[in-house]
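Enquirer: One structure follows; several queries about it will come next.
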Amino acid sequence: IEYSKGTVYQHFSSKEDVLVALAGQTTQTRADLFARAAAFDGNPRERMTAVGVADELLVRLFPQHWQAEHIIRAASIQSKVARERLRELESTEHQCCTAIGGILGDAIARGEIECTEEQVAQFIAYGLWSLSFGSHFIAASNPNLGSKGLDNETEMLNRNYHALLDGYGWRPLST
């Protein structure tokens, strides 16, 4: 960067603090994209699909920042970061969860998915998150997926999203 080390450390307590700040920018971008997807003029299933597209867009536009998000989860990193910065990060992550929760709530209210338990909505949200995280992690750590017969990770992820939503009976079904 164009600034001296002294100037940087006037604003950040450590290298790890800089890394978390960068990851925080990515998380804020994700929260903004998720909010736009949640406000999309479509039914809840289309809006949830738009969240998936937003997440894919974020990973493609900011791959280094996405990777930084995963590095900062280590306890050895977090112990060197200002608590306020970690709280900011948690707040923006909460915005993402709120957008997804709102879409799930709308689907339940409209009868597009039958949830007798609030936990089912949590299971769906967690399932989508883990599919996305796992897919992006696998793609990032295996640059030659095509040589393994896995040619289109975006299509595979989208089909798995829809299989999960179909499995919970979220209407309209993907078929």
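Enquirer: Can you compute the modelled spin-label distance between residue 76 and residue 141, with each label point 7 Å from Cα toward Cβ, in nm?
Expert: Result: 1.6 nm between the two label points.
Enquirer: Moving on. Could you grab the relative contact order for the chain? Cα pairs under 8 Å, six or more apart, rounded to a whole percent.
Expert: Answer for the chain is 25 percent.
Enquirer: Report in % the part of the accessible area of the chain that belongs to carbon and sulfur, leaving out ligands and nucleic acids; probe 1.4 Å.
Expert: The value for the chain is 56 percent carbon and sulfur by accessible area.
Enquirer: Hey, got the dipole for the range 4-117? About the Cα centre, +1 on K and R Cβ, -1 on D and E Cβ, debye to the nearest 20? Before the final figure, lay out the partial values.
Expert: On the way: 13 positive and 16 negative charges, 116 e Å.
Dipole size: approximately 560 debye.
Enquirer: Moving on to the next point. Quick one: net charge around residue 28, please, counting Lys, Arg +1 and Asp, Glu -1 for every other residue with C-beta under 11 Å from its C-beta. Could the numbers behind the result be given before it?
Expert: Numbers: positive: 30; negative: 32, 88, 93.
Combined, the nearby Lys, Arg, Asp and Glu give -2.
Enquirer: Take the chain, mark every one of the GluC sites (Glu not before Pro) that falls in a DSSP loop and has at most 12 other Cβ within 10 Å, then report the longest stretch left between them, sites excluded.
Expert: It works out to 3-113.
Enquirer: Probe of 1.4 angstrom, ligands and nucleic acids ignored: what's the accessible area per residue over the chain, in square angstrom?
Expert: 60
The values are calculated or read from the model by the stated rules, or taken from the named source; none is laboratory data. These figures come from a predicted structure and were not determined experimentally. Glycine gets a Cβ as well: all are built from the backbone with ideal geometry, and neighbour counts include every protein chain shown. For the accessible areas, the whole protein counts, side chains as well, though only heavy atoms, and no ligand, DNA or RNA atoms are used. Shrake-Rupley method; radii C 1.70, N 1.55, O 1.52, S 1.80 Å.
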